[in-house]
Amino acid sequence: MIIDAQTVIITLIIVAIGFYVGLALVRQFALSIAQENHDANVALDSAEEELRRKRERDADAAAASAFAKVEPLLPTENVPATTSNVSKNDVEKAQSADV
């Protein structure tokens, strides 16, 4: 076996090419795993979102049903818009005092 500069350089080039190809294969494998993981996460998220929407629809339907049962019992009298006992004179006095 002859060990000279040319053989060392050729060996280093072959080893570098081998590392490059090996790293490319590892990166491709890691990418495929990440893509599968992402697809699985998206599927789980969409399933959870659909379940949440179904529960929300069911809750809305139950609330509407309960309100429909109670609505006939509610009084239809007009309720005053304000329940405050403050008169216009009191408001004008407060505004003039602030100035």
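Read-outs throughout are calculated quantities, based only on the coordinates presented, and are distinct from any laboratory measurement. Since this is a predicted model, take the numbers as computed values, not measurements. Note: ideal-geometry Cβ built from the backbone for every residue, glycine included; neighbour counts use all protein chains shown.
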Kindly list the residues of the range 5-45 that lie in the label zone of Arg55, defined by a backbone N under 19 Å from the point 7 Å along the Cα-to-C-beta vector.
-> 42-45
In the neighbourhood of Leu51 defined by beta carbon distances under 12 Å, the net charge of the other residues (Lys, Arg +1; Asp, Glu -1) is -1
Can you run phi through the Karplus equation (6.51, -1.76, 1.60; θ = phi - 60°) for the range 48-54 and list ³J(HN,Hα) in whole Hz, with x for Gly and Pro?
-> 5, 5, 5, 5, 5, 5, 5
